[in-house]
Amino acid sequence: MTLQRRRLVGAALLRVPALSAAALAGCTLAPDADHDGDDASRALPLARAVRTAWVLSSGGPRGFAHVGVLRALDELGLVPDLIVGASVGALVGGLRAAGRSAADIEFLALTLNVLSVARLALGSAERLSGAPVAELMRECVPQQRIERLPVALACVAARRRDAVATAFTAGDIGLAVQASAAIEGRLTPVRIRGEAYVDADWVAPLPVRIARGLGAARVLAVDASVHLDRAPAGAARYREGDLKKEALVAADARHADLVIKPDFGYWVSFSRDFRERAIAAGYRDTMAQAERLRALHRG
């Protein structure tokens, strides 16, 4: 992408400096406010038929790999009927469902200041609010109601009181993505119609069965979790959590027609080098499955 193109995309996509400054300077005064207006996110059956779904997993910084996957899928000319995302997968998937190109999303991934997606939450045990995530999505997506997006979208969050995975398919996209990315214990839960919702990372990190339940006949799943067989010795203290996540992912992965699991190493960060490496791995490992992907979308 040329420098001029990057500038044009950046200007069209979002006003990053203004948004970042507002997020860092402010604070959330009512982090437990209940969102119950007409535009509050809802978990409803899809109002349109879907056949092919892309499922994008949770994974924090590992989600940069999703960006490379989308670039490859764009180059292959493939389009889904439905995108189902958990946490960072909901954020990246939401942008794609709204019609943002892979180039737009990659530009955002490489330039976004991650400190801009959280702010102080006064009176909350978690101390930080993910409200700027909702603002970011609203800034990037002119059509903010999920049910009106060009591609059907489901943002998966966990209902806090019973850990039930909930797929928001209608209403405000910003609120739905914020709920899906509300990392439990770090970001304040999002209250919608009387229920608190958090990140689905420990409930449904790769929500393939939710995609099937929404009517998808063919499912491509993108798993950004670790490759445990290549975990370094220094990762031993994380093994219990990694094994738990692996079991959750495996329970859903077996219901997918094709799983892409980009390999870009165990350790993660938000550095430019890591972002580029994860994006490159997502692109490489997706293009390696080009023929199978074409066949899946033809079927």
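The residues packed around HIS35, meaning those with a beta-carbon under 12 Å from its beta-carbon, carry a net charge of -4 if Lys and Arg are +1 and Asp and Glu are -1. Label separation (ALA217 vs ARG138): 3.9 nm, computed from points 7 Å beyond Cα along the C-beta direction. Placing unit charges on the Cβ atoms of the charged side chains and taking the dipole of the chain about its Cα centre, the candidate lying farthest along the positive direction among PRO262, LEU136, LEU187 is PRO262.
Put a dot 7 Å past the Cα of LEU115, heading toward its Cβ, do the same for TRP267, and the two dots end up 2.2 nm apart.
What a 1.4 Å probe finds exposed on the chain is 54% carbon and sulfur by accessible area, rounded to a whole percent. For MET287 and VAL164, what is the calculated FRET efficiency with R₀ set at 45 Å and r taken between the beta-carbons, to the nearest 0.05? According to the calculation, E is roughly 0.75. Translational diffusion of segment 94-189 was estimated from the Stokes-Einstein equation, with Rh taken as the Kirkwood radius over Cα pairs; at 20 °C and 1.002 mPa s the coefficient is 153 µm²/s.
In a simple Cβ point-charge model (Lys, Arg +1; Asp, Glu -1; nothing else charged), the chain has a dipole of about 460 debye relative to its Cα centre.
Can you work out the FRET efficiency for the pair ARG148 and ALA33, with r the C-beta to C-beta distance and R0 = 30 Å, to the nearest 0.05? About 0.75, to the nearest 0.05. Each Lys or Arg adds one and each Asp or Glu subtracts one; over the other residues with Cβ under 14 Å from the Cβ of LEU82, this totals +3. Starting from a Cα-only point model with no solvent, please compute log10 I(q)/I(0) by Debye for the chain at q = 0.11 1/Å. Summing over Cα pairs of the chain leads to -0.60. Other residues lying with their Cβ under 12 Å from the Cβ of LYS245 contribute a combined charge of -3, Lys and Arg counting +1, Asp and Glu -1. Taking every protein chain into account, the accessible area of the chain amounts to 44 square angstrom per residue (probe 1.4 Å).
The values are calculated or read from the model by the stated rules, or taken from the named source; none is laboratory data. Please read these numbers as outputs of a predicted model, since none were measured by experiment. Cβ coordinates were reconstructed from backbone atoms using ideal geometry, including for glycine residues, and neighbour counts include every protein chain displayed. Surface areas here come from the heavy atoms of the whole protein model, side chains and all, with no ligands, DNA or RNA. Shrake-Rupley method; radii C 1.70, N 1.55, O 1.52, S 1.80 Å.
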